[in-house]
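Values quoted throughout were computed directly from the atomic coordinates according to the rules given, and no laboratory measurement underlies them. Every value quoted in this text rests on a predicted model; they were computed, and no experiment measured them. All Cβ positions, even for glycine, are placed from backbone atoms using ideal geometry, and neighbour counts span all protein chains on display.
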Amino acid sequence: MLYLTPEARARVEIDRMLNAAGWAVQSAAQVNLKASRGVAVREFALKKPHGRVDYLLFVDGKAVGVVEAKKEGEPLIGVEWQSARYVHGLPDEMPKALEGTLPFAYESTGGETRFTNTLDPEPASRQVFWFHRPETLAGWIAEALRNPGAPTLRYRLRGMPPADLTGLWPPKDVAVRNLEESLSAGHPRALIQMATGSGKTLLAAFLSYRLVKFADAKRVLFLVDRANLGRQTLKEFQGFTTPDDGRKFTELYNVQHLSSNVVDPVARVTISTIQRVYSILRGESDLDPGLDEQSAYELATEPVPVEYNPAVPPETYDVVIVDECHRSIYGLWRQVLDYFDAFTIGLTATPNKQAFGFFNQNLVMEYGHDQAVADGVNVDFDVYRIRTEITEQGSTIDAGIVTQFRDRQSRRTRWEKLDEDLAYTGQQLDRAVVARDQIRTVLEVYRDRLFTEIFPG
């Protein structure tokens, strides 16, 4: 049996990843730069004293970057200096995509990969799910040649003009300023807490417009909790009048609400549930509409695995906005968010510890319900609690009764005759058990007492 060193095993996985991303992997002894648009050459000898680079990346026949391979388990943070050393060591006669150093550097164990774009204003290593595709790097090179003063998104985020906040009610104006400061500083994640009803979706439309127009973000992904919220979000974008142009957002840019698993390649904003995006990444032709109408929080019971999909590579979106981000999607669906090499912005009225952790404690706006009421943005409320016997004590489905069971993920139902009693608690009601009579009782009490006890007079 052939024995491979830990680093050699890492290179086998790196080869697989590069091939999946569209790179032709070749040995230094047999180089054919015309074999593919992207070519990765193993063990390429650089000029002294730079040694050999594990992989030298070529796009359209010109050198663009390097990959430093490390054995699995070896930390990658702090080793980017090795990659930086290689990007200066190209032979003088070697054709390069840009004058000077190579712009792109990766470090990878095959299980973890980090990336540095030296074209950024303050180049810093960041974790990525996979290697970028050759056409992606070619696009970044073309942008650098076309716009040398602002060659990358991070540069453009620093050069955005002050926002025209006319007609933007508080606290959205503060949220815009704070978030754009966070983005210009290069923070990859930011959390916005705004009370329900204070205009989070309108804020998202305003931010999307700013990012697309002034930072040239190629695509924005807006994730919603359920499909019906996606339809409401689409209406918000359709109704949003841009402040400096006067036209509707959708008159200027394509916005797609995903009701199928086909992503419009020219849409600047894509609205979807996270479960549909997961379905797309899995390569499924479609998603059961019933699953799209459920909350992602209700669908997943354990972390979901995500694999690389070359049709939807991690660089597909520049910005991901996550509505209702407190609903545990970072625990159960986190890999879907980690898949994209994008800035991630969370919107929620009720952040929890997991949300603060996922967004690196970067809370750029905090606007609670009490402040919204004080500002006249929201109306205060009272709680009118309706208790029934089974909400307090639970109940039992007797043995021998034919009962309907529904699979949470597939929505398929089956009828089964119970062999023994099935007891459930009040906490399981409307989570694991649906009692239609109980729902009817609550609605009837609400109807009968609405104008007497709940809203007298």
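So what's the back-of-envelope 222 nm ellipticity for the chain, counting only DSSP H runs of four-plus at -39500 (n - 2.57) apiece and dividing by all residues, rounded to 500? It would help to have the intermediate numbers written out before the result.
Values: 17 runs with 144 residues, N = 457.
Taking each H run of at least 4 residues, the total per residue is -8500 deg cm²/dmol.
Work out, step by step, the length gained on full extension between Arg177 and Glu43: first 0.36 nm times the residue separation, then minus their alpha carbon distance; give nm to one decimal.
Values: separation 134, 0.36 × 134 = 48.24 nm, distance 4.73 nm.
Extra length from Arg177 to Glu43 when fully extended: 43.5 nm.
What Kirkwood radius, in Å to one decimal, follows from the Cα pairs of the range 154-374? Can you show the working numbers first?
On the way: mean 1/r = 0.0571 Å⁻¹.
Kirkwood radius, the range 154-374: 17.5 Å.
Using only the alpha-carbon atoms, what does the range 51-138 span along each of its principal axes? Please give whole angstrom values in decreasing order.
37, 28, 24
My understanding is that a pair violates if its Cα-Cα distance is over 31 Å; which of Lys62/Lys248; Lys34/Lys213; Lys34/Lys70 do that in this structure? Working shown, then result.
On the way: Lys62/Lys248 43 Å; Lys34/Lys213 37 Å; Lys34/Lys70 28 Å.
Beyond 31 Å between Cα atoms: Lys62/Lys248; Lys34/Lys213.
Largest first and to the nearest Å, give the Cα extent of the range 227-274 along each principal axis.
33, 23, 13
Please give, to one decimal in nm, the separation of the simple spin-label points placed at Glu444 and Lys353, each 7 Å out from Cα toward the Cβ.
For the pair Glu444/Lys353, the computed spacing is 4.3 nm.
Under a no-solvent Debye model with one identical scatterer per Cα of the range 1-125, what's log10 I(q)/I(0) at q = 0.14 Å⁻¹?
Result of the Debye calculation: -0.57.
What number does the range 267-383 give for Rg over Rh if you use C-alpha atoms and the Kirkwood radius? Before the final figure, lay out each step's value.
On the way: Rg = 16.2 Å, Rh = 16.0 Å.
So for the range 267-383, dividing Rg by the Kirkwood Rh gives 1.02.
Take Glu389 and Glu298, extend 7 Å from each Cα along the Cα→Cβ direction, and tell me the distance between the two endpoints in nm.
Inter-label distance under the simple model: 2.7 nm.
Distance between Cα centroids, the range 326-374 to the range 83-160: provide it in whole Å.
Here the answer is 29 Å between Cα centres.
Using only Cα atoms, locate the centre of the range 1-71 and the centre of the range 234-255, then give the distance between them in Å, rounded to an integer.
If you average the Cα positions of each part, the centres end up 45 Å apart.
Please turn the phi angles of the range 200-214 into ³J(HN,Hα) values with the Karplus equation 6.51 cos²θ - 1.76 cosθ + 1.60 (θ = phi - 60°), one per residue in order, whole Hz, x for glycine and proline.
5, 5, 4, 4, 4, 5, 4, 5, 4, 4, 4, 5, 6, 6, 9
Using only the Cα atoms, work out Rg/Rh for the range 140-220, with Rh taken as the Kirkwood radius, to two decimals.
On the way: Rg = 13.8 Å, Rh = 13.6 Å.
With Rh from the inverse mean 1/r over Cα pairs, Rg/Rh is 1.01.
Would you kindly give the portion of the calculated P(r) for the range 200-296 that falls above 22 Å, as a percent of all Cα pairs? Before the final figure, lay out each step's value.
Numbers: 1261 of 4656 pairs.
In whole percent, the long-distance tail amounts to 27.
For the chain, what is the Kirkwood hydrodynamic radius in Å, using each pair of distinct C-alpha atoms?
25.2
Between Ile401 and Glu307, what is the FRET efficiency for a Förster distance of 41 Å, r being their Cβ-Cβ separation, to the nearest 0.05?
Numbers: r = 43 Å, r/R0 = 1.04.
Efficiency, rounded to the nearest 0.05: 0.45.
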